[in-house]
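The values are calculated or read from the model by the stated rules, or taken from the named source; none is laboratory data. Note that the structure is predicted; figures quoted are calculated from it, not measured. Don't worry about glycine lacking a Cβ; one is built from the backbone with ideal geometry, like all the others, and counts go over all protein chains shown.
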Amino acid sequence: MAEKKKRVMTKKIENGILEITIVGVKKPIVADPKKLPENVQEMLPVIALSHILGDAAAGKRATEAFEKIKDKWEAMLAGNMTVRRAKAPTIKHSEIIQNYLALAPKDKKNALPLLVALGVTEEDIKAAEEALA
């Protein structure tokens, strides 16, 4: 198993000033954007936006990357720096079996091949039937 990387720096933003502290270095780096030349200050928002939107698509393929960037941009337009997606609905294996057991015999016959194809074994179903008996 790969070793977990240790954090070597921390960043803090306070009153529009970035402070970066490096582990083992006593003095932090203080970056006040107002001290930069005007031409650099003008470029910072676009550069930051490029990084933020690019990070949203990191490791994704074309269509998914596009969707992630679009979602991030829309969240930012709404005043949010983070994108919260609704959690995908989940269903428990036991719920599937319980619903199967509640079916009429004719419907069970039709549903069984589909359940097996989805990974529910006939042994699982028999064990559930025995447990309910």
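Could you pull out the residue among I96, I69, I91, I29 that is in contact with a Leu (Cβ under 9 Å, 6 or more places away or on another chain) and either closer than 30 Å to L132 by Cα or of a type in the set (F, W, Y) (or both)?
On the way: I69 fails: either closer than 30 Å to L132 by Cα or of a type in the set (F, W, Y) (or both); I91 fails: in contact with a Leu (Cβ under 9 Å, 6 or more places away or on another chain); I29 fails: either closer than 30 Å to L132 by Cα or of a type in the set (F, W, Y) (or both).
Just a single option satisfies the conditions, and that option is I96.
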Margin query: Of the residues K60, K92, only one is surrounded by 10 or more Cβ atoms within 10 Å (Cβ to Cβ), of a type outside the set (S, T, Y) and out of contact with any Pro (no Cβ under 6 Å at 6 or more places or on another chain); which?
Written below: K60
Next item on the list: Please tell me if K109 is more than 29 Å from the chain's Cα centre (by Cα) and either within 25 Å of L18 (Cβ to Cβ) or without any contact (Cβ under 8 Å) to a residue 60 or more places away in the chain (or both).
Entry: yes
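Yes/no matrix, rows are residues, columns are (1) aromatic (F, W, Y); (2) over 15 Å from the mean Cα position of the chain (by Cα); (3) modelled with pLDDT under 95:
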{"position": "T10", "(1), (2), (3)": "no, yes, yes"}
{"position": "I13", "(1), (2), (3)": "no, yes, yes"}
{"position": "V23", "(1), (2), (3)": "no, yes, yes"}
{"position": "D32", "(1), (2), (3)": "no, yes, no"}
{"position": "E38", "(1), (2), (3)": "no, yes, no"}
{"position": "D55", "(1), (2), (3)": "no, no, yes"}
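Go through the residues of region 85-104 one by one and say whether even a single one is among the hydroxyl-bearing types (S, T, Y), under 30 Å from K126 (Cα atoms) and touching a residue at least 24 places away in the same chain (Cβ under 8 Å). Reasoning before the result, please.
Taking region 85-104 and keeping what is among the hydroxyl-bearing types (S, T, Y), we get 90, 94, 100.
Cutting the leftovers down to under 30 Å from K126 (Cα atoms) gives us 90, 94, 100.
Next cut, touching a residue at least 24 places away in the same chain (Cβ under 8 Å) only: 94, 100.
Yes, the conditions are met somewhere in region 85-104.
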Check: Listed residues K27, K34; which is touching a residue at least 12 places away in the same chain (Cβ under 8 Å) and basic (K, R)?
Finding: K34
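Does K68 meet the test of being among the basic types (K, R) and touching a helix residue (DSSP H, G or I) at 6+ places or on another chain (Cβ under 6 Å)?
Working: among the basic types (K, R): yes; touching a helix residue (DSSP H, G or I) at 6+ places or on another chain (Cβ under 6 Å): yes.
Yes.
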